[in-house]
Structure formats: structure tokens, C-alpha cells
Amino acid sequence: MKVSYRWLKDYCDFHLPAEELARRLNLRGLAVEGVTPVGDDFCLELEITANRPDLLSHTGVAREIAGMTGKPLRIPDISLAEEARPVTQIARVEVQNPDLCPRYTARVLYDVKVGPAPAEMRRRLETIGLRPVNNIVDITNYVLMECGQPEHAFDFERLRGAAVVIRLAIPGEVIQLIDGSEVKLAADQLVIADATRPVALAGIMGGLPTEIGDATRVVLLESAKFDPVNIRRTARATGKSSDSSYRFERGVDTPTVEWASRRAAALIQQHAGAKLAAGVIDVNLTREEPRSVTLRIPRVERVLGLAVSAPQATKLLEGIGFGVKPEGPNALAVSVPSFRPDVEAEIDLIEEVARCHGYDRVPETSRLAITDVPVGKPDRVAALARETLIRLGYAEAVTTSFLPDPLALGFSPWSAEEPIRLKNPLRSDEAALRRSLIPSLLQVARTNQAQAIGEVHLFELDRVYLRRAAGHRLPEEKRCLAIVAHEGFSDVKGAAEAVLERLGVLARSTFGPVAHGFLTPGAAGAWHLGSSLLGYMGELSEEGTAAFGLRKAPHVAELDLDMLTASASLERTFRALPRFPAVSRDLAIVIREAVTWTEVVRAVQAAGAEHIEAVRFGEVYRGTQIEAGHKSIFFGITYRAPDRTLTNDEVNASQSRIVAALAERLGATLRT
């Protein structure tokens, strides 16, 4: 929000230099991001939070300055000279959707002389970054920036049927907007129409056919209140936004709707020589009751640690437009103005007292209780997984939960159900909630590829969303850990297993081959804990690589972080460094092709051999020397005793037990 320093002085007679004004507004909670000289003026750029739409105007900011300096707030007096003919005999207004347009006002001015706006008005608009157009358009922009209520002027003689109809668009209707673009409308988008066609995208942008031009002689002046959600949704769907939509999305003040209409009409009379039809068409369907909140003075001190008397609180609140009356010996009945929808409860009033008194004057206190909140197991597991992968050279990515439908359908290791789709997505091409993190990371890989970064080493910890059985309103939110990297199978598998090892799960898990359409056949596997699926990994298939536009297939992995959290053993136990040397022996066995490495390890561990410290995979050999349907596995076994150096006889005995167990359980023979 940009405001003019000189313009603010119209509404409050303050005497603070621009930089000092910015400093004091910052202390008051209005963030001033910059003060820029513009000619003999200054442009103050404010960051206004979404809950303070009253500050999106010069009068709103001036009200804060008045409360800060003790100077009175001056709201312009409005004097209208109306002709005899009533406006209701000239124009007709019909509101078909009062829930989306609870108030709509229209005035008609004729004998309008379109030309340049006054020099001072143009300078003020230019100071805050607006381009002057003509006196009528500039006046509507001026009033918008003055009071925060958008206005729109139609060339009345171009309105067919002398009618204004506020209605939902007919699906497929097309409107040409004043920026020259054409928008195809949807059924949930509100428009301003005449008797036959839409002439404005309600609350967002006017249409080209009824734009004010040099030939305009009769103006219909609109001032309205629209539903913020509908305006926001339409602006996102159409890709159109404006200063008006920015304010309508945050909500406008109902009483200001008619005040702004009178203000704009008076300025058009003054600067365009217009005559004004008598009265106003005011379709007012709002039902806003006055709001009153009780403020207990002792409560202020308990919350702030600051003694504020009832007269002090009264002065502070009245200074920013609240009505205050005593309510008993230690309380105030505070009437909340309509332009402050953010104030609903006593704590909101206490915040206003603190803000107006000065946050810097609220004393520090040591009476606040400080409690050490332990970090929960889910956060500890996530932190350990993150630390492990970062130390292995991976970079963490943070992506959105939405995907285009074709990509969301591609990979779902956790559910065969259809993805959940949003009715009103933020982006029309991303309506599906992801069922896996891998497609999101593959999109990141594609973006990196477009920036000439060919290979990535990425991981992400976040939620996926799975459809539940009928009867459940909310989806299942599963926490997952995904890895996407341009490395070999063993490298990515090793990274995932480093996480499992760090969480104390690897020894209890099993890994075996798996078939999945998203992964290359013969280069995919899955981890299990007991009978439960813990995760997948493998090389991205040719189809998947093409779907994401990647030149090189990465390896991917995804683990169920919720299952890891439930199964993780985070207590670290001390194990002394070995005092005696290890003895290593190698074995080369021939087994059936269908036998997995996991089965080999289990057979070794079940052999009853003593002092086995580790079983290390070496390589697989298939060739002419090996019988068809079989393979040769070369691996090593490490032996170590905690209390002595093992003898050759002891190791040989263990090796013999292992060879016998492999032969008995798996039909293995030693390769010679």
C-alpha cells in the first residue's frame, strides 16, 4: 500500500517529517518498508496485514496518525446538487445473487465533460504509482485511495437496456476487459451485466465496451460490496487482479460504500461539470449489527504488565475511532466501528491499547512461566533422517502438495485409490493432492535440468494424501520420506538404509525385489517390517522418465515415515571399541536364480556359527561356467570375539556350519 505524505495532511494536521512519521508508524505496528521522495512529496510504502483492510486508504492511515499525535481526523464534507429527475427513472439495478453482492449503489451523472483531472489530483496519483487517464477515471481511483472503497464508472449510454444486473456468468460467456484481454467466464464468477451481456468482472476489472472515453456524456457510478471469497477465487481463476480486487478480497466497510459514491459524485460535479440525477439506487441487503465489547481495566494490566487507567484506555481507543462508555467501576463498554472487523473480543482491545500506548513502553517482566517442552518422537525421527541425508550430500526440497492429474496418477505406492481432487484449486492445472512425494521431486529435477543442472541429489519429508473408505470426510495424511538422485542403485539404497540404520530399524527390516509400473523391471525393490510395507526404491522407468521430460533416469526411494517413527529405536547404547582383531573369510556359492540375497543372509545367521560380526555382499556372477537358472554370489563374513583372538580352527568350524546351512536351506554348492 502506497500513500502520499502530502495527501495524508488533508485528513490530519500533523507536523512530523516523513522519516519521523515512518519511524513512529513502525512503532505503532504499521510496517513502513520505504520512504521515497517524489517531487515535493514523499511516497510511503506500507506493508498492511490482511486483517487490517481499514489501512488500505489515506483516511485509514490518517486515523492512526490522528490517534498517535492527538490531532483531529478530518473527513471531507460532501455537498451534492441534485437535479429534479430521480435516478430510478433513468436506470435499473437488479441484484440476482445477494449473498455475493450484499450492497450495490448506483448514481447517474449527465452532461459530463471528459478531460484531464486537476493537476494536484494527477500529482497525488502519480506519487503513489498510478497513471492518470482522465478526470472521471482519475476521480474513481482518487476516491479508492482516499477511503479504500472501490468505485467504477460506466459509460451509461453504452449500457444496453439502461440496466445493471449483478449475476453469475453463463458458462462460456466471454468478456473483453479494459486491459485488452478476453476472459472466458465460468458459472461461479460474478459479473456486472447490462440487459444482454457482461460489462465488468465484478469487483475486479471493467469491460472495454462501457469504458469511459472522450465521447462519454452520461456516467453510471457504481459503489458496491462483494463477497471476498468469490472475488479472490475469480481473480485467481482468471489471472486478473487490480487495486479494487485487492480491497474487495479483504473486505470493505459497508457504510463507506454509499459515502464513497457521494464523494465521487461530488468530485465529478466539481471537476467534470456534471449534473446529478436525484437520489441513489441503493440495494442494501446487509445485516450487520452494532458490536460492543467489554474491556476490563484490571485485565489489561494482567495481560500487559502495564497499569492503564480507564481514562487513558478511553483516550487511546477513541483516538482511533472506537466509541467508549463507562461500564461499572473498572470496565468500559467499547463500541467497535464497522471498519474494524478484526476486533471481536476483549483481547483484541487489549492489543489495541498496547499498540496505541506503544509496544516499546510495555515493560519487560520475569513473571512469565517458562516451560521446557520436550521434542516429540516424530520431530526427532524427522531431524535424524534429515541430518543423515544432508551429511551424505543430499539437499532438502520443499514442494507443494498439488500435482497435475497425469503426474498424480503415475506413482502411488501406498494406495490404489484415485487421488483426491480439489473443486477450487489455486492453479487450474494442479487440482490433485499427491499420493507420493516422488512426482514432486521429479518436477524439481526437471526444473534443475532446464537450468542446466543435469543431476540432482534431493530428498523431502512431508505428507501425502490418501483417500479413505466411504464415510470418512477427511483424507489419510501419511508422512513420508522421499529421495530422488542421479546415482546408482546401490548408492540410493545405501542412503535410504543409512536412515534406517540411524533409526535402529535396518536390522529388523527385509528388502526384496518388487514390480511396479513406475520403476524399471529388475531394478526395483521394497523394504518390509514384518508383513508391513516400509518403502519402495528403484530406477525410474522409461515411461516415467519421459513423462517428466528428464534426459536421464534417476533412482528414487520413498519410505513410510509414520511407520519409521513408530518402529524407531532412538536410545543409543554404548559399545566399546573392539580390542581383538577380526578374521575375514570369503565364500562363493552357486544357488538358484530365484534365491535372494536376504535369504542368503538369513541362512548364514541361522547356521549357529559363533562370533559372526558382519556379512558383506560382494558380487553376482552369471556366465557360461554357471548352470542355467543359477547364479554365483561372492560374499565375505567377518568374525570377531570380544575376549580373545579367534583361532583358525574356530573360524573353520564356523565356516563349515555356514556352508552346511546354505546347502540344507537353499541348495547352495560351493563354487570351485
Seminar exercise, completed: One finds the C-alpha centres of the stretch 529-604 and the stretch 399-450 to be spaced, in Å, by 27
Exercise. Karplus couplings for the stretch 39-46 from phi (6.51 cos²θ - 1.76 cosθ + 1.60, θ = phi - 60°), rounded to Hz, Gly and Pro as x?
Worked result: x, 8, 10, 10, 9, 9, 9, 10
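Highest mean first, what order results for 208-215, 145-152 on Cβ atoms within 10 Å?
Packing proxy ranking, top to bottom: 145-152, 208-215.
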Problem set entry | Histogram of C-alpha separations across the stretch 82-284, 5 Å bin width, % | 1, 8, 17, 21, 23, 17, 9, 3, 0
Problem set entry | Antiparallel %, DSSP beta bridges [both residues in the stretch 82-284], to 5 | 85
Exercise. Amide H to amide H, which residues 5 or more places from E613 or on other chains are under 5 Å from it, using H placed in the peptide plane?
Worked result: T638, Y639, R640
For this session: Collect residues whose amide H, placed 1.01 Å from N in the peptide plane, falls under 5 Å from the amide H of E249; neighbours closer than 5 in sequence don't count.
Result: none
For this session: Under 1.5 on a/c is rounded, so check that first for the stretch 2-69, then, if it is not, pick prolate when a/b is larger than b/c and oblate when it is not; a ≥ b ≥ c are the square roots of the alpha carbon gyration tensor eigenvalues.
Result: rounded
Exercise. Which angle between 0 and 90 degrees, to the nearest 10, do you get for helix 135-147 versus the longest principal axis of the chain when only C-alpha atoms count?
Worked result: 70
For this session: Specify the inter-centroid distance of the stretch 206-229 and the stretch 148-174, based on alpha-carbon positions, in whole Å.
Result: 7
Exercise. Residue-wise, which Karplus ³J(HN,Hα) couplings in Hz belong to the stretch 229-243, taking 6.51 cos²θ - 1.76 cosθ + 1.60, θ = phi - 60°, and x for glycine or proline?
Worked result: 5, 5, 5, 4, 5, 5, 4, 5, 5, 8, x, 10, 8, 7, 4
Problem set entry | For the stretch 49-66, Karplus couplings with θ = phi - 60° (6.51, -1.76, 1.60), whole Hz, Gly/Pro x | 6, 5, 8, 10, x, 5, 8, 8, 6, 5, 5, x, 5, 5, 4, 5, 5, 4
Exercise. So for the stretch 377-567: antiparallel DSSP bridges make up what percent, rounded to the nearest 5?
Worked result: 95
Exercise. What order do you get for 67-79, 400-412, 598-610 when each peptide is scored by the mean count of other beta carbon atoms within 10 Å, highest first?
Worked result: 400-412, 598-610, 67-79
Seminar exercise, completed: Listed by chain and number, the residues whose amide H is under 5 Å from that of E327, excluding neighbours fewer than 5 places away on the same chain and using placed H, are L332, A333
Seminar exercise, completed: The summed charge of the A81 Cβ neighbourhood (under 15 Å; Lys/Arg +1, Asp/Glu -1) stands at +1
For this session: Mind ranking 497-507, 26-36 by how tightly packed they are, going by the mean number of other C-beta atoms within 10 angstrom, highest first?
Result: 497-507, 26-36
For this session: Restricting things to alpha carbons, tell me how big the stretch 377-567 is in terms of Rg and Dmax, in Å.
Result: 15.8, 48
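Quick check: net charge around R92, other residues with Cβ under 12 Å of its Cβ, Lys/Arg +1 and Asp/Glu -1?
-1
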Exercise. Just how far, in whole angstrom, is the stretch 616-669 from the stretch 52-112 if you go by their alpha carbon centroids?
Worked result: 89
For this session: Any chance you could list P(r) for the chain, counting all Cα-Cα pairs in 10 angstrom bins from zero, rounded to whole %?
Result: 3, 11, 15, 15, 15, 14, 9, 7, 6, 3, 1, 0, 0
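A short reminder: the numbers here are calculations on the coordinates, not readings from a lab. The structure presented is a predicted model; accordingly, all values stated were derived computationally and were not measured. Every residue, glycine as well, gets a Cβ built from its backbone with ideal geometry; the counts of neighbours run over all protein chains shown.
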